[in-house]
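Below is one structure, written out as structure tokens, with a few remarks after it.
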Amino acid sequence: DIQMTQSPSTLSASVGDRIIITCRASQSFNDGLAWYQQKPGKAPQLLIYGASKLTPGVPPRFSGSGSGTEFTLTISSLQHPDDFATYYCQQYNRYPYTFGQGTKLEIE
Amino acid sequence: QVQLVQSGAEVKKPGASVKVSCKASGYIFINYLIHWVRQAPGQSLEWMGWIKPASGNTKYSQNVQDRVAITGDTSASTAYMELSSLRSEDTAVYYCARGLGDCLGGSCSPDVHTFDIWGQGTLVTVSS
């Protein structure tokens with residue numbers, strides 16, 4: 001299985017900050033990488049797919065990049081309360097599809 | 001609007017089976033994959049498998065493939081996930097999710113294995 005490791009596990013930041021979450025894969029692949037946002041008690045929401053494609057309706061402050069074994073999610077200017085949530089990466093390059101352990105974004 | 005509505009919470013004893021339903025509306029059911037993803041309490045997400053409703057073809061994670069069956073009823077626009085031989089580690093919220101992009105004819109869009117529409121989740125508790 002491809003192991004996905006996110007860093008950091010927890011991130012404290014303030015409104016207006018630019019933050020970057022990293023996802024590292026145990027095997028290399030090109031662009032079968034997605035990012036999701038999940039709020040407590042809710043289903044995840046797709047933000048980014050194909051490593052860098054923004055899902056329609058998702059604000060452009062979210063962006064994704066990377067290939068190989070390192071991928072990043074960037075939020076250019078944090079908004080409260082919408083962006084304070086847990087974020088997961090997912091690889092869909094090889095079966096079984098796997099997720100990172102999550103990054104919890106908290107208000108500083 | 002496009003939505004997936006799942007059946008309600010279940011409490012099961014170890015060794016029993018559970019069947020969760022996922023009713024689609026607002027789009028053409030047979031044109032999109034349905035995936036199942038679960039999340040144990042306080043944990044990350046685990047992909048379980050998918051079904052292509054148009055053909056009934058399925059693909060399962062090897063982690064659950066001996067115990068899971070995903071089926072579809074195209075007349076009811078509903079997918080089902082049945083998990084057997086339940087154990088305490090199966091306690092989780094189970095989600096169905098639609099694959100991004102459609103599958104028309106024999107081919108699917110390249111991003112069908114990401115999940116753009118999710119059900120509300122079904123809590124399955126396994127306890128003696």
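The values are calculated or read from the model by the stated rules, or taken from the named source; none is laboratory data. Computed from a prediction, not measured in an experiment: that's the story for all the values here. All Cβ positions, glycine included, derive from the backbone under ideal geometry; neighbour counts span all protein chains shown.
Answer yes if at least one residue in the range B:71-79 is over 16 Å from the mean Cα position of the chain (by Cα) and either surrounded by fewer than 22 Cβ atoms within 10 Å (Cβ to Cβ) or at pLDDT 95 or above (or both), and no otherwise.
We begin by selecting, within the range B:71-79, every residue over 16 Å from the mean Cα position of the chain (by Cα); these are B:75.
Among the residues that remain, those that are also either surrounded by fewer than 22 Cβ atoms within 10 Å (Cβ to Cβ) or at pLDDT 95 or above (or both) are: B:75.
Yes; the residues of the range B:71-79 include at least one that is over 16 Å from the mean Cα position of the chain (by Cα) and either surrounded by fewer than 22 Cβ atoms within 10 Å (Cβ to Cβ) or at pLDDT 95 or above (or both).
Conditions (1) more than 22 Å from A:Gln3 (Cβ to Cβ); (2) facing chain B (nearest Cβ under 10 Å), marked per residue:
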| residue | (1), (2) |
| --- | --- |
| A:Asn30 | no, no |
| A:Gln38 | no, yes |
| A:Pro59 | yes, no |
| A:Ser67 | no, no |
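How many residues does the range B:87-102 contain that are facing another protein chain (nearest Cβ under 10 Å) and in contact with a helix residue (DSSP H, G or I) (Cβ under 7 Å, 6 or more places away or on another chain)?
Residues in the range B:87-102 being facing another protein chain (nearest Cβ under 10 Å) and in contact with a helix residue (DSSP H, G or I) (Cβ under 7 Å, 6 or more places away or on another chain): 0 in total.
Give me a count of the residues in the range B:44-57 that are more than 30 Å from A:Thr86 (Cα to Cα) and under 13 Å from the mean Cα position of the chain (by Cα). Full working, then the answer.
Initial filter on the range B:44-57 (more than 30 Å from A:Thr86 (Cα to Cα)): B:53-57.
Now narrow it down to the ones that are under 13 Å from the mean Cα position of the chain (by Cα): B:53.
Residues that pass the stated criteria total 1.
Being within 14 Å of B:Arg98 (Cα to Cα), part of a loop (DSSP other than H, G, I, E, B) and in contact with a Ser or Thr (Cβ under 6 Å, 6 or more places away or on another chain) is the filter here; which residues of the range B:17-67 pass it?
B:Pro53
Of everything in the range A:25-52, what is buried (at least 16 other Cβ atoms within 10 Å of the Cβ), under 14 Å from the mean Cα position of the chain (by Cα) and not small (Gly, Ala, Ser)? Give them in sequence order.
Within the range A:25-52, A:Asp31, A:Leu33, A:Trp35, A:Tyr36, A:Gln37, A:Gln38, A:Pro44, A:Gln45, A:Leu46, A:Leu47, A:Ile48, A:Tyr49 qualify.
Of the residues in the range B:80-119, how many are farther than 19 Å from A:Tyr95 by Cβ and hydroxyl-bearing (Ser, Thr, Tyr)?
Summing the residues that are farther than 19 Å from A:Tyr95 by Cβ and hydroxyl-bearing (Ser, Thr, Tyr) in the range B:80-119 gives 6.
Anything in the range B:103-121 that is surrounded by fewer than 23 Cβ atoms within 10 Å (Cβ to Cβ), facing chain A (nearest Cβ under 10 Å) and at pLDDT below 95? List them, or say none.
Matches in the range B:103-121: B:Pro110, B:Asp111, B:Val112.
Report every pair of residues separated by at least 6 positions or lying on different chains whose Cβ atoms are under 6 Å apart, first residue within the range B:99-128 and at positive phi, second part of a loop (DSSP other than H, G, I, E, B) and modelled with pLDDT under 95.
B:Gly101/B:Ser109; B:Gly101/B:Asp111; B:Gly101/B:Val112
Of the residues A:Thr22, A:Thr103, A:Thr98, A:Thr72, which single one is of a type in the set (S, T, N, Q), more than 9 Å from chain B (Cβ to nearest Cβ) and surrounded by 21 or more Cβ atoms within 10 Å (Cβ to Cβ)?
Working: A:Thr22 fails: surrounded by 21 or more Cβ atoms within 10 Å (Cβ to Cβ); A:Thr98 fails: more than 9 Å from chain B (Cβ to nearest Cβ); A:Thr72 fails: surrounded by 21 or more Cβ atoms within 10 Å (Cβ to Cβ).
Result of the check over A:Thr22, A:Thr103, A:Thr98, A:Thr72: A:Thr103.
Residues of the range A:43-52 being facing another protein chain (nearest Cβ under 8 Å) and either touching a residue at least 60 places away in the same chain (Cβ under 8 Å) or of a type outside the set (Gly, Ala, Ser) (or both), which ones? Walk me through it before giving the result.
Of all residues in the range A:43-52, those facing another protein chain (nearest Cβ under 8 Å) come to A:43-46, A:49-50.
Within the range A:43-52, A:Pro44, A:Gln45, A:Leu46, A:Tyr49 qualify.
Kindly indicate whether B:Ser44 is within 14 Å of another protein chain (Cβ to nearest Cβ) and surrounded by 15 or more Cβ atoms within 10 Å (Cβ to Cβ).
Details: within 14 Å of another protein chain (Cβ to nearest Cβ): yes; surrounded by 15 or more Cβ atoms within 10 Å (Cβ to Cβ): yes.
Yes: the conditions hold for B:Ser44.
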